[in-house]
Amino acid sequence: MDKIYIKNLEFIGNHGVFPEEKFLQQKFSISLEMETSTRKAGLGDDLNYSTHYGFVSDDVERVFFSKSFDLIEALAESIAQEILIKYNLIKSVKVLIKKPWAPIKKHFDYVAVEANRSRNKAYLSIGTNIGDLKDNLNDAIERINNLNFTKVTKVSSFLETEPFGDVEQSNFLNACLELETLSTPQELLQNLLQIERDMGRVREIKWGPRLIDLDILLFNSDVVEKDDLAIPHPWMCERAFVLDPLSEIAPNVVHPLERKTISTLKRILNK
């Protein structure tokens, strides 16, 4: 991946935890490393296919003076979010903030914080078998799309499927979504659980009827193994109601553990 660099933008500001840092001005140095593709801009000599570092510098300055941050960690987070939200061609950004006048009673060059943030692509499975099924899915999709720093980029067809497990219940309506998000997998999980609660889901019977079910299937090519979260979803390769809609929107995405595309996994399951 190609990169655009902005090195050592200097500003005088009032960021810090201690009271004296709020009124005694200090120097800050901010550097950016932005991953992008410069191929099209380079071949066509056309700025429309690149990111204007002058505009980015102006945005860094605007965020810097937007408020007095207690922590330069928070300043770095705000700058990274601003760049990734505003500039679609930037895939990831590294923000380095140096604070050479930090209140440390020692000889030092500077203290610094480096934040690395990126656009993440996630795939979700959504399903319902209680109430107005289409309305439930559309409501969930709208709520997901309204999450901070998250955008629904693809939606599969809605597919009616038979219930999974031994519980007698109505058929489900299922779909899969593609998301672009700045959230981590754990942050996304908590947001989805909150949407389920807000929509009225009650967890009583395993694999039982549900108003809405939101599962993370894939998150970039990450493998996550936590007590409350496993990515890729551990049962996705065994479920047609997942692979059928997922192969519609992501046929060539590779499962990071199986090392096979979604369309291949679907063919294997349907044999």
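The values are calculated or read from the model by the stated rules, or taken from the named source; none is laboratory data. All figures in this text were calculated on a predicted structure; none of them were measured in a lab. Reconstructed Cβ throughout: ideal geometry from the backbone, glycine too, with neighbour counts over all protein chains shown. We work out accessible area using only protein heavy atoms, side chains counted, and drop any ligands, DNA or RNA first. Shrake-Rupley method; radii C 1.70, N 1.55, O 1.52, S 1.80 Å.
Descriptive notes on the structure:
- Within region 199-220, being at pLDDT below 95 and not aliphatic (A, V, I, L, M) holds for Gly200, Arg201, Arg203, Glu204, Lys206, Trp207, Gly208, Pro209, Arg210, Asp213.
- One residue from Glu187, Glu180 being under 15 Å from Ile216 (Cβ atoms), modelled with pLDDT of 95 or more, assigned to a helix (DSSP H, G or I) and open to solvent by 70 Å² or more (accessible area, probe 1.4 Å): Glu187
- Residues (closer than 24 Å to Phe158 by Cα, open to solvent by 40 Å² or more (accessible area, probe 1.4 Å) and among the polar types (S, T, N, Q)) located in region 88-134: none
- Positions within region 138-149 being open to solvent by less than 70 Å² (accessible area, probe 1.4 Å) and either within 15 Å of the chain's Cα centre (by Cα) or within 23 Å of Cys237 (Cβ to Cβ) (or both), in sequence order: Ile144, Asn145, Leu147
- In summary, Ser157 fulfils each of the numbered conditions (1) part of a loop (DSSP other than H, G, I, E, B); (2) under 30 Å from His15 (Cα atoms) with the single exception of condition (2).
- Taking the criterion of being touching a strand residue (DSSP E or B) at 6+ places or on another chain (Cβ under 7 Å), more than 21 Å from Gly13 (Cβ to Cβ) and charged (D, E, K, R), the only residue of region 88-116 that qualifies is Lys91.
- Matching residues, region 1-47, being charged (D, E, K, R) and under 29 Å from the mean Cα position of the chain (by Cα): Asp2, Lys3, Lys7, Glu33, Glu35, Arg39, Lys40
- Residue list for region 257-271, filter: in contact with a Ser or Thr (Cβ under 9 Å, 6 or more places away or on another chain) and of a type in the set (A, V, I, L, M, F, W, C): Ile262, Leu265
- Which listed residue, of Lys266, Lys226, Lys260, is of a type in the set (Lys, Arg), more than 16 Å from Lys121 (Cα to Cα), surrounded by 18 or more Cβ atoms within 10 Å (Cβ to Cβ) and modelled with pLDDT of 90 or more: Lys266
- Residues located in region 130-189, provided they are under 16 Å from Arg210 (Cβ atoms) and hydroxyl-bearing (Ser, Thr, Tyr): Thr161, Ser170
- Hits in region 47-87 (condition: over 22 Å from Glu180 (Cβ atoms), touching a strand residue (DSSP E or B) at 6+ places or on another chain (Cβ under 7 Å) and crowded, with 19+ Cβ neighbours inside 10 Å): Val60, Phe64, Ile72, Leu75
- Of all residues in region 1-45, those satisfying the criterion of being among the acidic types (Asp, Glu) and open to solvent by 20 Å² or more (accessible area, probe 1.4 Å) are Asp2, Glu10, Glu20, Glu33, Glu35, Asp45.
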